[in-house]
Amino acid sequence: MSRSVEYRIERVRYEDLGVVKALNEMLLPENYPFYFYETLYRDYGDAFYVARVGGEIVGYVMCRVEKEFRLEIPFRFDKVGHIVSIAVKPEYRGMGIGRSLMEAAIKSLRERYGVKYVYLEVRVSNTGAIRFYERLGFRIVKRVGGYYRDGEDAYIMRLDF
């Protein structure tokens, strides 16, 4: 039986950043100082979303845009999207919230920021997340040894347009 709940995907507001930071610290081992959230909000706020159930924030996705040097003639830089972090409270998983957050972020990165592709890092042990990203069209392109602070490797996953 599939569980469902009514939720809304919205652009993050400045006053939401403290809740997003608290969710990140509660749900993920990779944490960031408050100014990091402020910077992503200021510079890439059109690709920073929260999921709300009632008035409660139950998930978020935050992104940034980076430049990739293309070793082609003529030389150029391409804009690429980076999914920095996504999390959904455990009791709200399996309801489509994570997918909706990712779809909103990817659409914004593509349409608003004009990125050529989107990538993310994921722990090699996080098979649930890897399958989730694969269902969204991401593919593993590289393994990075010792990427995480605890020494675990990461997969770089990429979604091409």
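The values are calculated or read from the model by the stated rules, or taken from the named source; none is laboratory data. Please read all numbers here as calculations on a predicted model, not as lab measurements. Cβ atoms come from the backbone with ideal geometry, glycine included; neighbour counts cover every protein chain shown.
Those residues that are within 15 Å of the chain's Cα centre (by Cα) and small (Gly, Ala, Ser), I need them from the range 129-153; list them, please.
Across the range 129-153, the qualifying residues are Ala129, Gly137.
Could you grab me the full set of residues in the range 1-33 that are surrounded by 11 or more Cβ atoms within 10 Å (Cβ to Cβ), hydrophobic (A, V, I, L, M, F, W, C) and either at positive phi or outside any helix (DSSP H, G or I) (or both)?
Val5, Ile9, Val12, Leu28
In the range 117-158, how many are at pLDDT below 95 and either basic (Lys, Arg) or under 23 Å from Phe77 (Cα atoms) (or both)?
1
Determine whether Arg110 is in contact (Cβ under 8 Å) with a residue 12 or more places away in the chain, within 15 Å of the chain's Cα centre (by Cα) and surrounded by 14 or more Cβ atoms within 10 Å (Cβ to Cβ).
Numbers: in contact (Cβ under 8 Å) with a residue 12 or more places away in the chain: yes; within 15 Å of the chain's Cα centre (by Cα): yes; surrounded by 14 or more Cβ atoms within 10 Å (Cβ to Cβ): yes.
Considered against the rule, which asks whether it is in contact (Cβ under 8 Å) with a residue 12 or more places away in the chain, within 15 Å of the chain's Cα centre (by Cα) and surrounded by 14 or more Cβ atoms within 10 Å (Cβ to Cβ), Arg110 comes out as yes.
Does Val53 satisfy being surrounded by 17 or more Cβ atoms within 10 Å (Cβ to Cβ) and within 15 Å of the chain's Cα centre (by Cα)?
no
Among the residues of the range 125-151, write down those that are surrounded by 12 or more Cβ atoms within 10 Å (Cβ to Cβ), small (Gly, Ala, Ser) and either touching a residue at least 60 places away in the same chain (Cβ under 8 Å) or at positive phi (or both).
Gly137
Given the conditions (1) crowded, with 16+ Cβ neighbours inside 10 Å; (2) in a loop (DSSP other than H, G, I, E, B); (3) touching a residue at least 40 places away in the same chain (Cβ under 8 Å), report the number of the one that Met62 does not fulfil.
(2)
Just for the range 2-31: of the residues that are of a type in the set (D, E, K, R) and touching a residue at least 40 places away in the same chain (Cβ under 8 Å), which one is farthest from Ile97 (Cα to Cα)? Spell out the reasoning first.
Start the filter on the range 2-31 by keeping residues that are of a type in the set (D, E, K, R), which leaves 3, 6, 8, 10-11, 13, 15-16, 21, 25, 30.
With touching a residue at least 40 places away in the same chain (Cβ under 8 Å) added as a condition, the list becomes 3, 6, 8, 10, 16, 30.
Details: Arg3: 12, Glu6: 10, Arg8: 9, Glu10: 12, Asp16: 18, Glu30: 21 Å.
By that ranking, first place goes to Glu30.
Looking at (1) within 28 Å of Val19 (Cβ to Cβ); (2) over 15 Å from the mean Cα position of the chain (by Cα), can you tell me which one Pro74 breaks?
Unmet for Pro74, out of (1) within 28 Å of Val19 (Cβ to Cβ); (2) over 15 Å from the mean Cα position of the chain (by Cα): (1).
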